[in-house]
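The block underneath contains the structure these notes are about, expressed in structure tokens.
We did not get these values from a lab; they are worked out from the coordinates using the rules stated. Since the structure is predicted, the reported quantities are computational estimates derived from the model, not experimental observations. Cβ placement follows ideal geometry from the backbone for every residue including glycine, while neighbour counts extend to all protein chains displayed.
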Amino acid sequence: MILAEKITVLRKRNGWSQEELAEKLGVSRQSISKWESAQSTPDLNRILAMSALFDVSTDTLLKDEEELQELPVLTGGTELNAEVITPAKEIPEPLRSVSMEEANRYLQLKAVASGRIAIGVMLCILSPVLLILFSGAQEMKKISLSEAQAAGIGVLVLMLMVGTAVGIFIYYGMQMKPFDYMDKEALETEYGVEGMVRDRMERYNPSHIKFMIIGVLLCVLSCIPIFAAMILGENEWNLIIGVCLLLIMVAVGVLLIVRTNIIMEAMKSLLEEGEFSRENKRESRRNESIMTIYWLTAIAIFLAYSFLTNRWDRSWIIWPVAGIGCGILTAVLKVVRSRE
């Protein structure tokens, strides 16, 4: 076992992220990443520091013939020039091994699914556009259809688009099912995986920022068509067109946001960073049943309000509100559990 692999294994045995280990050693996170991916080698001072921190000899770190599995597994580490941290009494969480092949397959599937799922979300947002357009056009005698015909065509298209979106969600949900453990379990990536994923993330990050900015701007500026219709005068047809353009802009913006976030979250999941840290994964498993009930309730409210009021031009607002509510609920549950 080479030095790069030993640093990775020992860091994960202690339950530290790259950022945490970097802070203890007084180096940057990029330095840790390069050491673990064998792109560079720590100097002698850092070797001595890691020897003290991991409570292993320098021979164990430097000699390839020294195997870590022969060493006792630690649940805590030592600070530089400090006492050994008392090992936790609770049983360590088992780690799920992830090979380079599994990691590449997972990222490839997520990249494909991201575009399809984003299109499904866009279809859901766009689904009422034709219903709004036909209903308004029929009411203002701009098309030679009866009220029932205009509503029937609009609802038919709406159901077809929603049905297509649901089919996309189910299909790609089944495709990703074998990789559910990536988002839920503690991972131990094999040698080279972490360096590969981090390199991909650094190369994709500029595109991620660009798509997020464009997506958010489209959502924020989507109200412009409504204001433009109001400026042009009290014309109901202009307002209908404005609403349709609003939904189109929101749909495109959300498509960009959803797609880029799915790709970025896949890489964060493998690196166990952000919302996919081990602590957050444990919290997510605890909240799974509550979140299922929450989102099923949001869907029921959306459908009930939309069909009872026929205000599809307004009902889409339920989704961003539900998203904000989900974040608040998660924070509340975390605070409540911390006090137990």
Return the long-range amide H neighbours of GLU188 (sequence gap of 5 or more, or a different chain), with a cut-off of under 5 Å between placed amide H atoms. ARG96, SER97, VAL98
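Figure the gain on full extension for HIS208 and ILE328 (residue separation times 0.36 nm, minus the Cα-Cα span) and round it to one decimal in nm. Numbers along the way, then the final one.
Numbers: separation 120, 0.36 × 120 = 43.20 nm, distance 2.50 nm.
Answer, rounded to one decimal: 40.7 nm.
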Using the Karplus curve 6.51 cos²θ - 1.76 cosθ + 1.60 with θ = phi - 60°, work out ³J(HN,Hα) for each residue of region 36-44 in order, rounded to whole Hz, and write x for Gly and Pro. 6, 9, 6, 7, 8, 10, x, 6, 4
Anyone know which of MET140, MET159, MET100 comes out most mobile in the 10 Å Cα GNM of the chain? MET140
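Which semi-axis lengths, in whole Å and largest first, follow from the square roots of five times the eigenvalues of the Cα gyration tensor of region 101-273? Please report the intermediate quantities before stating the final value.
On the way: eigenvalues 342, 78, 13 Å².
Ellipsoid semi-axes (Å, largest first): 41, 20, 8.
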Please give the length that would be gained between THR41 and VAL112 if that part of the chain were fully extended, namely 0.36 nm times their separation in residues minus their C-alpha to C-alpha distance (nm, one decimal). 22.0 nm
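Determine the gain in length on full extension of the stretch GLU234-LYS184; use 0.36 nm per residue of separation and subtract their C-alpha separation, reporting nm with one decimal.
On the way: separation 50, 0.36 × 50 = 18.00 nm, distance 5.31 nm.
Gain in length upon complete extension: 12.7 nm.
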Each residue of region 97-114 in order: what ³J(HN,Hα) in whole Hz does its phi give by Karplus 6.51 cos²θ - 1.76 cosθ + 1.60, θ = phi - 60°, with x for Gly and Pro? 6, 10, 7, 4, 5, 4, 5, 5, 4, 4, 5, 5, 5, 5, 5, 5, 5, 4
With each label point set 7 Å from Cα along the Cα-Cβ vector, what nm distance links VAL220 and LYS142? 3.0
Phi angles of region 176-189, converted by Karplus (6.51 cos²θ - 1.76 cosθ + 1.60, θ = phi - 60°) into ³J(HN,Hα) in whole Hz with x for Gly and Pro, give 8, 3, x, 9, 4, 4, 4, 8, 10, 10, 6, 10, 10, 6
If one builds a Gaussian network model of the chain from Cα atoms under 10 Å apart, the most fluctuating residue listed among SER284, SER40, SER222 is SER40
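What translational diffusion coefficient, to the nearest whole µm²/s, does the chain have by Stokes-Einstein, given a Kirkwood radius computed over alpha-carbon pairs, a temperature of 37 °C and 0.692 mPa s viscosity? Mind dumping the intermediate values first?
Details: Rh = 23.7 Å.
D = 139 µm²/s.
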Going by how many other Cβ atoms sit within 10 Å of their own, how do TRP35, TRP319, TRP295 line up, fewest first? TRP295, TRP319, TRP35
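Expressed as a fraction of 2.2 N^0.38 Å, the rule-of-thumb size for a compact globular protein of N residues, what is the C-alpha radius of gyration of region 241-321?
Numbers: Rg = 16.6 Å, N = 81, 2.2 N^0.38 = 11.7 Å.
Rounded to two decimals, the normalised Rg is 1.42.
Using the number of other C-beta atoms within 10 angstrom as an exposure proxy, rank LYS12, LYS184 with the fewest first. Don't skip to the end; give the middle numbers.
On the way: LYS12 20, LYS184 15.
Least crowded to most crowded, the residues run LYS184, LYS12.
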Could you give the angle, 0 to 90 degrees to the nearest 10, between helix 3-13's Cα long axis and the longest principal axis of the Cα atoms of the chain? 70
Quick check for region 101-273: number of Lys pairs with alpha-carbon distance under 19 Å, counting only pairs 8 or more apart or on different chains? 6
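As a footprinting exposure proxy, order GLU194, GLU23, GLU147 by other Cβ within 10 Å, with the fewest listed first.
Details: GLU194 24, GLU23 14, GLU147 11.
The most exposed by this proxy come first: GLU147, GLU23, GLU194.
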Say R0 is 30 Å: what FRET efficiency, to the nearest 0.05, do SER57 and GLU20 get from their beta-carbon distance? 0.85
